[in-house]
Each structure stands twice: as C-alpha cells, then as structure tokens.
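As structure tokens, the structure follows; a few thoughts come after it.
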There are 2 protein chains.
Amino acid sequence: MKDTAERPYHHGDLRHAIIETTMEMLTEDGNWQFTLREVARRAGVSHAAPYRHFPDKTALLAEIALIGFDRLQNALRAVQAKSDRDLTSEFFAMAEAYLRFGRANPALYRLMFGGELAPAGDLHLNPRALGAFEIVIDLLERGQAAGVIRKRPVRGQAAACWAQLHGLTMLSLDGLLLSEKVGDGAVEAAMETLCDGLAS
Amino acid sequence: MKDTAERPYHHGDLRHAIIETTMEMLTEDGNWQFTLREVARRAGVSHAAPYRHFPDKTALLAEIALIGFDRLQNALRAVQAKSDRDLTSEFFAMAEAYLRFGRANPALYRLMFGGELAPAGDLHLNPRALGAFEIVIDLLERGQAAGVIRKRPVRGQAAACWAQLHGLTMLSLDGLLLSEKVGDGAVEAAMETLCDGLAS
DNA sequence: ACCTGAACACCGTTCAAGT
DNA sequence: ACCTGAACACCGTTCAAGT
C-alpha cells in the first residue's frame, strides 16, 4: 500500500519480528527455556539488536505474557459470544476453553503466572491481566440474575472459579492429575464439585 | 558422640551442606534465582565439588523439591494430629496450613510445582510428592463417614480441594488476589464456595 | 574417595563504532 | 535511528590433576 516500500533493508520491523519469534520458540518447546541470543539468531540479527527495542530480557517476556493474557481473554470471549445455550453449558464451555488454553500453550501459560516476571514491572498490575476475570464475573452475574447461581458476592465466587481453573490447569501441566495418581476423571469431578458450590 | 571426630577436614558431609545451603538461599530470596556456583561458594568449596554429589543442577533442585513435599505433608499432618475439634474446623485448619506453607516458602513452593524439573527425572512420579494428597483423601473419607461430606468419589473431591488450594496459593503468590483487584476476602470466599460444593 | 583449577561453550548486558 | 562486534562478568559442565 505504501508507495515508498523499502522493507528489504534489514527487517522493517524488528520489534515485531522479535515478539513473533519468541512466541514461536515458546510454543514449539514445552520445556521452558529461552535465551535472548537465540531469538536474535533466529531473527537474523546480532545478539545486541533486541536491546534497541526492549530494555532487557524480562521486559520482552513481560510483553509476551501480556499477549498471552489477551489470547486467554479472547478464547473465553469466543465462548461468551456463542450464547445460544443455557448458562450451565456456557459455564462448562468456559471452563473447558480455559483448560484447553493452558494445555495448548503450556510454556506461555507458565510464563503468565510464573513469577520470574514479578521482580520486573509487576505484570499483574496491568489491567490486561484481569480481562479473563471480568468475563467470569459477568457470567456469574447473569447466573445470579437467572436464579441458577447462589446469591453471594460475585467477586468471591469468581475468585473460587479462577483458583479452581488455575489450579486444575497447573496440576494438569505438571502431570499430577493423571489417572494413575489421582483417579480417573479428576478434572470433571473437580468441576462438578465447584458447580455444586456455586449452584443455588 | 563419635570418638573419632575428624570433622574439620573440609566439610565432613558436603552433600548435606549443599542441600542446607540451597534451602537457605531459596528461603532468603523470594525472587527465584539460584546458581550452582554460588551454593558452592557459600559452602566454601570449589564450583566443581557439587558434581561429586549430584549429577547436575536439576538433580539437586529435584531433591530440594522432594524435601519441600515432605515439609508440606508434615504441616498438614500436624493439623491432622490435633483432632480435638470437629471435621469442619479440621478442614479449615488444613486449608489454612496449606496456604500458610505456600506463603511462607514462595520460592520453594514454586519450585515444587514449577515444571523446570519436569524434563529431569519427573519428580511428580515420586510417591513422596503425593503424601499431602493422601491426607486430604483421609479427611474427606472421615467426612463422608460422619455424614458431613457429600457422598461422591473421594478422589474427585480431593482433586477439587487440591486444585482450589493450589490455585489460591499460586494466585496469592502472584499477588493476584489482593483486595484492589479481586475484592476483599477473596480467599475466604473461595474456600466457602468449595465447602458448599463438598458439604452434604 | 573426594576435591581443585583450568578449560569450554554458552549467557545477559554494555558500548564504542559503523551505516 | 537502528544495527554490529568486541568486550565484560557471569553461568553449567567436564576433566585432568592433586590430596
């Protein structure tokens, strides 16, 4: 579209390329390991080049984590949009979407909640990290209005949902919910117990 | 006690000293960061010495994680022992002990469930990692027998408890359950919801 | 049997210097 | 304005050599 199209200089947009490459490395290798020098290598630039776009390694990772929160939010919003069913099915679909996100992006999910970024620019103060939480709150509010959810402070109920989903996701990533260890269908059973606690 | 007391050679028991030093480093610095060379430095040995006792860094960390699981189990067992109260109080005391353990040892707790050890010798296949789970199962079984817990497969209920506690602990360590973000008393509210789901 | 010292191949980060 | 190359201070790991 641009008439002055001199992209082929070196990259055009190295910052974007770095983020893209980092995300690829994250998804291809479940084993969490990531070096700034390799992302530079893959992007075809010198190992010092990323420092023109990110102050340090954790700043880049914090940005990646935020993108992860955006994607999680979008995954949940997609479920919310398909509201052609009752609230209970929507609740289960939401939970399933959350768990699937974690299982599909283990390294990214771990990064989002890892804590190696806490010393950095406290990622979790960023409102983008709480978008998913608001979606759960909305669902619970509709449930209370419809009379299928127990009338309690929604934020507390949302915390229970989030903790349960986060815990299941993490334990699942750790391989701690396999049938041999914890019995068959542990995730389904746990979700059922959560539902019992929420239902009116 | 020993008549042949030639400890002051160099260390006597370097393996033990290394574990001890690692544990100290872990508890003093919440920011997860740990180098094998520094533990050697603090233990007063060369940086190659640890390799006579551990094949590599992750092997040492896996051992530390197992000790963490032992300690968690002991913390819960201490609650179990003081059974001078009803099952509901015991349940809450157990939950509180779990959360307190995580908050008191953030770096250790993160290591136990971190996943940087997964590629190593899959720590979580070790039965020591599931001791805490068995304690929860025992509590739930007594609850079902006493008629205060809903009659459902216990292992599923235990999974729900574990996931909830693990999720609350993790989110709490991440600072995601602060009042400003999620409302006041989120942990208590979440525990209440879990109870509602378990109670008969 | 246990420990040291030097060595190798890597990091993250900085900084003068290039275009 | 953006990138490179060399440099610095670190790692994890290995291995000959010391006691």
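Say we look at segment A:50-75 and pick out the residues that are of a type in the set (Phe, Trp, Tyr) and away from chain B (no Cβ under 14 Å); which of these is nearest to DNA strand D (Cβ to nearest atom)?
Going through segment A:50-75, the residues of a type in the set (Phe, Trp, Tyr) turn out to be A:51, A:54, A:69.
Checking which are away from chain B (no Cβ under 14 Å) leaves us with A:51, A:54.
On the way: A:Tyr51: 7, A:Phe54: 11 Å.
Among them, the one singled out is A:Tyr51.
Condition test on B:Leu26, is it away from DNA strand D (no atom under 12 Å from the Cβ), surrounded by 18 or more Cβ atoms within 10 Å (Cβ to Cβ) and part of a helix (DSSP H, G or I)?
Working: away from DNA strand D (no atom under 12 Å from the Cβ): yes; surrounded by 18 or more Cβ atoms within 10 Å (Cβ to Cβ): yes; part of a helix (DSSP H, G or I): yes.
Spelling it out, B:Leu26 is indeed away from DNA strand D (no atom under 12 Å from the Cβ), surrounded by 18 or more Cβ atoms within 10 Å (Cβ to Cβ) and part of a helix (DSSP H, G or I).
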Hits in segment B:162-200 (condition: among the hydrophobic types (A, V, I, L, M, F, W, C) and free of Cβ contacts under 8 Å to residues at least 24 places away in the same chain) = B:Ala163, B:Leu171, B:Leu176, B:Leu177, B:Leu178, B:Val182, B:Ala186, B:Ala189
request  = Report the residue count in segment A:172-191 for those that are within 23 Å of B:Ala199 (Cβ to Cβ), at the interface with chain B (Cβ under 7 Å from one of its Cβ atoms) and outside any loop (DSSP other than H, G, I, E, B).
outcome  = 4
note = So, first residue outside the structural domain of B:Gly114 (by TED's automatic domain parsing) and under 15 Å from B:Gly114 (Cβ atoms) in segment B:24-44, second residue away from DNA strand D (no atom under 13 Å from the Cβ) and not in a helix (DSSP H, G or I), Cβ within less than 7 Å, six or more apart or across chains; the pairs are B:Asn31/A:Pro119; B:Trp32/A:Gly115; B:Trp32/A:Glu116
message = Take A:Ala104 and tell me if it is aliphatic (A, V, I, L, M), within 24 Å of A:Ala158 (Cβ to Cβ), assigned by TED's automatic domain parsing to the domain that holds A:Gly131 and in contact with a Cys (Cβ under 9 Å, 6 or more places away or on another chain).
response = no
ask   = Is it the case that some residue within segment B:85-96 is out of contact with any Cys (no Cβ under 6 Å at 6 or more places or on another chain) and either within 9 Å of chain A (Cβ to nearest Cβ) or closer than 27 Å to B:Glu63 by Cβ (or both)?
value = yes
message = Whether any residue in segment B:178-200 is among the small types (Gly, Ala, Ser) and under 21 Å from the mean Cα position of the chain (by Cα) is what I want to check.
response = yes
key: A:His124 being under 13 Å from the mean Cα position of the chain (by Cα), facing chain B (nearest Cβ under 7 Å) and either surrounded by fewer than 20 Cβ atoms within 10 Å (Cβ to Cβ) or without any contact (Cβ under 8 Å) to a residue 24 or more places away in the chain (or both)   = yes
request  = Take B:Leu140 and decide whether it is closer than 25 Å to A:Arg110 by Cα and in a helix (DSSP H, G or I).
outcome  = no
A:Leu66, sole failed condition from (1) surrounded by 17 or more Cβ atoms within 10 Å (Cβ to Cβ); (2) in contact (Cβ under 8 Å) with a residue 60 or more places away in the chain; (3) within 22 Å of A:Thr21 (Cβ to Cβ) = (1)
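Looking at this structure, is B:Gly156 within 7 Å of another protein chain (Cβ to nearest Cβ) and in contact (Cβ under 8 Å) with a residue 24 or more places away in the chain? Show your work before the answer.
Values: within 7 Å of another protein chain (Cβ to nearest Cβ): yes; in contact (Cβ under 8 Å) with a residue 24 or more places away in the chain: no.
Criteria not met by B:Gly156.
The values are calculated or read from the model by the stated rules, or taken from the named source; none is laboratory data. Because the structure is predicted, anything quoted here is derived from the model rather than measured. Virtual Cβ from ideal backbone geometry, glycine too; neighbours counted across all protein chains shown.
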